[in-house]
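The values are calculated or read from the model by the stated rules, or taken from the named source; none is laboratory data. Not measured: the values here are computed from a predicted model. All Cβ positions, glycine included, derive from the backbone under ideal geometry; neighbour counts span all protein chains shown. Just so you know, the surface numbers come from the protein's heavy atoms only, side chains and all, with ligands and any DNA or RNA stripped out. Shrake-Rupley method; radii C 1.70, N 1.55, O 1.52, S 1.80 Å.
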Amino acid sequence: QEQLVESGGGSVQPGGSLRLSCVTSGFLFSRSTMNWYRQAPGKERELVASITAGGVGVTYADSVKGRFTISRDNEKSTLSLQMTSRKTEETAVYYCQAEEPMGGFDTLEYWGRGTQVTVSS
């Protein structure tokens, strides 16, 4: 059974920092591309950051470049997201997502339940 459990959410003031973690099990983490998504109230879910299986390739949404850092520990099957200089509009539920390769171009997707991050003064 695939499991992704996010933690580290909470309330932070604008300009503050927060670190999210995602502990996983039940699938080949070390071979999976891992992503952080977020969904703000009334908005569609958006991709925030992505990291390839080996950790070499990382991409960020333009809105978070220079402020967020995605990282992974393949030995511990854990994904992290360090967020700095938070903005009030970034209040959202943050989700951890895995894309496990199944051969060819096929992948299986797994999602965590999300963790609430509130940016407010």
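Quick notes on this structure:
- Between the C-alpha center of segment 1-75 and that of segment 81-121 there is a gap of 5 Å.
- From phi via Karplus (6.51, -1.76, 1.60), per-residue ³J(HN,Hα) for segment 52-63 in Hz, x at Gly/Pro: 6, 4, x, x, 7, x, 10, 9, 9, 5, 4, 5
- Summing charges over all other residues whose Cβ lies under 13 Å from the Cβ of GLN116, with Lys and Arg as +1 and Asp and Glu as -1, gives 0.
- Expressed as a whole percent, the accessible surface of the chain that belongs to carbon and sulfur atoms is 47, based on a 1.4 Å probe.
- Computed on segment 48-121, with alpha-carbon pairs under 8 angstrom and 6+ residues apart, the relative contact order is 21 percent.
- Pairwise label distance in nanometres, ALA40 with VAL5, each label 7 Å out on the Cα-Cβ vector: 3.1 nm
- Electrostatic dipole magnitude of the chain [Cβ: Lys, Arg +1; Asp, Glu -1; Cα centre; debye, to 20]: 440 debye
- Lys/Arg +1, Asp/Glu -1 at C-beta; the chain dipole; positive extreme among GLY26, LEU79, GLY16: GLY16
- Net charge over other residues, Cβ less than 11 angstrom from the Cβ of THR33 (K, R count +1; D, E count -1): -1
- Lysines whose Cα lies under 19 Å from that of LYS87, excluding same-chain neighbours fewer than 8 positions away: LYS43, LYS65
- Per residue accessible area of the chain, 1.4 Å probe, in Å²: 54 Å²
- Kirkwood hydrodynamic radius of the chain, from inverse mean 1/r over distinct Cα pairs, in Å: 14.4 Å
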